[in-house]
1. Which residues, taken from the stretch 221-233, are touching a helix residue (DSSP H, G or I) at 6+ places or on another chain (Cβ under 6 Å) and either farther than 14 Å from residue 266 by Cα or among the acidic types (Asp, Glu) (or both)?
2. Considering only residues that are of a type in the set (S, T, N, Q), at pLDDT 90 or above and farther than 17 Å from residue 289 by Cα, which ones fall in the stretch 217-271?
3. Please go through (1) on the phi < 0 side of the Ramachandran plot; (2) free of Cβ contacts under 8 Å to residues at least 24 places away in the same chain for residue 168 and return the number of the only condition it doesn't satisfy.
4. So residue 211 clears everything in (1) crowded, with 16+ Cβ neighbours inside 10 Å; (2) closer than 24 Å to residue 295 by Cα except one condition, right? Which one?
5. Only one of these is at pLDDT below 80, crowded, with 16+ Cβ neighbours inside 10 Å, of a type outside the set (A, V, I, L, M, F, W, C) and over 18 Å from residue 217 (Cβ atoms): 49, 29. Name it.
Amino acid sequence: MKTALIPSFALLLAPLAFGQANNSPPGPGSFETTTAPPPATKPAALNIGLISSDEVRELIRKVAENDIENDKKQRDYTYTEREEQHRLDGKGHVTSNESDTYEVMMLYGEQVRRRIAHNDKPLSEKENAKEEEKIQKVITRRRDETEEQRKKRIDQENKDREEEREFVREVADAYNFRLVEVAKLDGRETYVIDADPRPGFQPHHKDAKYLPKFKFRVWIDKAETQWVRLHGEVIDTVSWGLLVARLHRGSLFEVTETRVNDEVWLPKQVVFRLDAKLALLKNFTIEEQSTYRDYKKFRTDTKIVPAGN
């Protein structure tokens with residue numbers, strides 16, 4: 001996904017699947033998201049009205065822990081990603097369309113995207129050469145990495161992961177959760193949970209201060225205790241960066257996942273609708289839809305050989 005306009009906290013939120021449904025109709029030119037689930041199927045043993053917010057919060061914490069393990073398995077897969085971006089004017093009319101398609105792979109533990117098409121047309125020979133050069137730089141950097149550089153990189157990765165875990169803990173404390181229903185999604189039973197900002201929440205993690213500016217709905221697979229869909233909405237203006245950028249109220253994002261090889265949940269579709277302002281530029285709206293396909297398991301012991309060898 002193009003992430004220049006999306007602050008880091010939003011990227012952290014998306015994989016954790018805390019979402020709130022948006023019941024208003026989509027605006028002009030907006031993407032259609034996943035079809036809503038059929039009416040709820042409520043098991044006799046589950047009395048939704050008696051499930052407390054604290055009990056749902058514990059379920060959320062379990063989902064977050066499971067997602068950390070799921071993330072490790074995701075690294076074993078390559079796939080194809082197609083991004084489509086629409087820019088809208090102040091009246092909601094589409095002013096430009098653009099798409100890019102990528103092959104996504106892991107090289108020496110680093111995720112790398114190789115662009116293979118623009119507006120659904122193959123890249124030129126010159127463009128392909130630039131993509132190959134980018135890949136070779138990653139291979140060379142990792143292949144020639146010293147033991148000291150490797151240790152420093154791994155220490156930083158571990159630090160980043162621990163910060164993400166700290167953020168997860170705050171997400172669980174930042175909201176009041178409510179089990180709305182038990183509904184089927186793609187033939188699987190899911191818990192549908194709403195999350196609204198918790199009054200009086202005091203953030204500790206540097207990004208947690210943004211949490212009260214979002215509300216969410218999340219669909220959690222009942223059998224796997226794994227999130228499978230989320231829908232988030234900005235409910236108050238979010239500002240970040242030295243050159244101030246703002247996300248306005250009403251910006252939306254939705255993520256849908258799919259079960260692959262009966263072992264891992266991987267992205268199926270990600271949709272953003274961003275109403276934003278960057279520095280001194282005028283307000284603008286961007287809609288972006290990313291779709292994912294052709295998942296293949298990549299052997300972690302596979303040896304990458306530079307081109308020409």
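1. The answer is 225, and nothing else.
2. 225, 226, 261, listed by residue number.
3. The number of the failed condition is (2).
4. Among (1) crowded, with 16+ Cβ neighbours inside 10 Å; (2) closer than 24 Å to residue 295 by Cα, residue 211 violates only (2).
5. Answer to the selection: 29.
The values are calculated or read from the model by the stated rules, or taken from the named source; none is laboratory data. Computed from a predicted structure; not experimentally measured. Positions of Cβ are backbone-derived with ideal geometry, glycine not excepted, and every protein chain shown enters the neighbour counts.
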